[in-house]
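The values are calculated or read from the model by the stated rules, or taken from the named source; none is laboratory data. Small disclaimer: the values here were computed from a predicted structure and weren't measured. Every residue, glycine as well, gets a Cβ built from its backbone with ideal geometry; the counts of neighbours run over all protein chains shown.
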Amino acid sequence: MKRIFILALMAIVISGCAKHFLADDPESNPLSNFEHLWHELNNKYSYFEYKSIDWNEIYSTYRPMVYEGMSDKELFDVMASMLYELNDGHVNITSPFDRSRNWNWFLDYPANFNENIIYRNYLGSDYKITGPLHNQIIDEALYVYYSSFGSSISEANIDELIDRAQGLNGIIIDIRSNGGGSSNNAVALASALTDQDFDYGYSRVKNGSGKDNFSPWRKLSISPRSGKRFTGQVVLLCNRNSYSASNLFAQMMKSLPNAMLVGDNTGGGGGIPAYGELPNGWIFRFSATQTINPQGEHIENGVPADIIVELSPVDEANGIDTILEAALSILKSDK
């Protein structure tokens, strides 16, 4: 009987502790979800100061639009519009019925890329599929089309490319309309294109609600891979839809003495995204870091091309990629 009493007492104590230590799930209603999102970004978003955004003013604009009893879709639209004010492709909110986005700025610029022309008239039917790197030898240069940094590059992939590039005028890497993915793939590829360490910028993390609450700047460096490397001329093809990890890779190439960027400026995306969850279960994402180049300039709005070349409508109509042709000419003249 005594043992039963002790077990019962322990159950009461444990139950009481659970009620004391385990916080209730946050209340989920339109206002609580809106407030949660606004405060999370207020404390952790990294580009308010750089973009001269008054987040309190934005609160004053959108808070009156939130009311008890509004539908989920109405709430989603209000919060998506609020996030759109940040003009940041790394900021969005995802619900079961939609995902907000701010990726339309590239529509204000020429596309400067036609994938159909690349496959029909340059890669051809006998191109090599080296993991995610589709490649072909064109006019004594190795052309490599990489459509997404979300597709992993293996060490064997890189070895194969370097073997194929030996004795050629150089390598052309095409990341036009590559929306990004993993920065690890960017580092892996960049480390195969140098024989010495190089710095390509600095990064810091937002760690508080104050405008100056950041971690110290951390140097960003690339070291040569231990395996095969290519140290000849490299031309990187970019456009305004080269974003996020593509933007970061462009900055890496910008810092290499044997590489140049041709086409148009990249689209930007200099902050590493962080994620959070609203009380109603929706997932939101935001830029939590800043990245600058060695000169102290932010790359959030893109990395400038060294040589601006636009895809000529006349060339495009005739199946010719003006930008790729310019890259081939550069490598020929540099030989």
Just one listed residue, out of 199, 264, is over 23 Å from residue 106 (Cα atoms), among the charged types (D, E, K, R), under 20 Å from the mean Cα position of the chain (by Cα) and at pLDDT 95 or above, and it is 199
Residues located in segment 284-302, provided they are under 14 Å from the mean Cα position of the chain (by Cα) and touching a residue at least 40 places away in the same chain (Cβ under 8 Å): 285, 286, 287, 288, 289, 290, 291, 299, 300, 302
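Conditions tested, residue by residue: (1) in contact with a helix residue (DSSP H, G or I) (Cβ under 7 Å, 6 or more places away or on another chain); (2) crowded, with 18+ Cβ neighbours inside 10 Å.
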residue: 212; (1), (2): no, no
residue: 221; (1), (2): no, no
residue: 236; (1), (2): yes, yes
residue: 242; (1), (2): yes, yes
residue: 246; (1), (2): no, yes
residue: 252; (1), (2): yes, yes
residue: 257; (1), (2): no, no
residue: 267; (1), (2): yes, yes
residue: 277; (1), (2): no, no
Within the group 247, 258, 280, which residue is more than 24 Å from residue 188 (Cβ to Cβ) and in contact with a Ser or Thr (Cβ under 9 Å, 6 or more places away or on another chain)? 280
Within segment 52-77, which residues are outside any helix (DSSP H, G or I) and loosely packed, with under 15 Cβ neighbours inside 10 Å? 52, 54, 67, 68, 69, 71
Kindly evaluate residue 240 against the criterion of being assigned to a strand (DSSP E or B), of a type outside the set (A, V, I, L, M), over 18 Å from residue 190 (Cα atoms) and touching a residue at least 40 places away in the same chain (Cβ under 8 Å). no
Could you please find all residues in segment 148-167 being in contact with a strand residue (DSSP E or B) (Cβ under 9 Å, 6 or more places away or on another chain), part of a loop (DSSP other than H, G, I, E, B), surrounded by fewer than 19 Cβ atoms within 10 Å (Cβ to Cβ) and not polar (S, T, N, Q)? 150
List, please: which pairs have Cβ atoms under 6 Å, are six or more places apart or on different chains, and start with a residue in segment 257-279 that is under 23 Å from residue 199 (Cβ atoms) and assigned to a strand (DSSP E or B) and end with one that is modelled with pLDDT of 95 or more and acidic (Asp, Glu)? 260/306; 261/306; 268/300
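Test residue 113 against the stated conditions and say whether it is under 20 Å from the mean Cα position of the chain (by Cα) and touching a residue at least 40 places away in the same chain (Cβ under 8 Å).
On the way: under 20 Å from the mean Cα position of the chain (by Cα): yes; touching a residue at least 40 places away in the same chain (Cβ under 8 Å): yes.
So residue 113 passes the test.
Can you pull out every residue in segment 131-147 that is over 22 Å from residue 245 (Cβ atoms) and assigned to a strand (DSSP E or B)?
136, 137, 138, 141
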Residue count, segment 286-304, condition surrounded by fewer than 19 Cβ atoms within 10 Å (Cβ to Cβ) and among the charged types (D, E, K, R), comes to 1
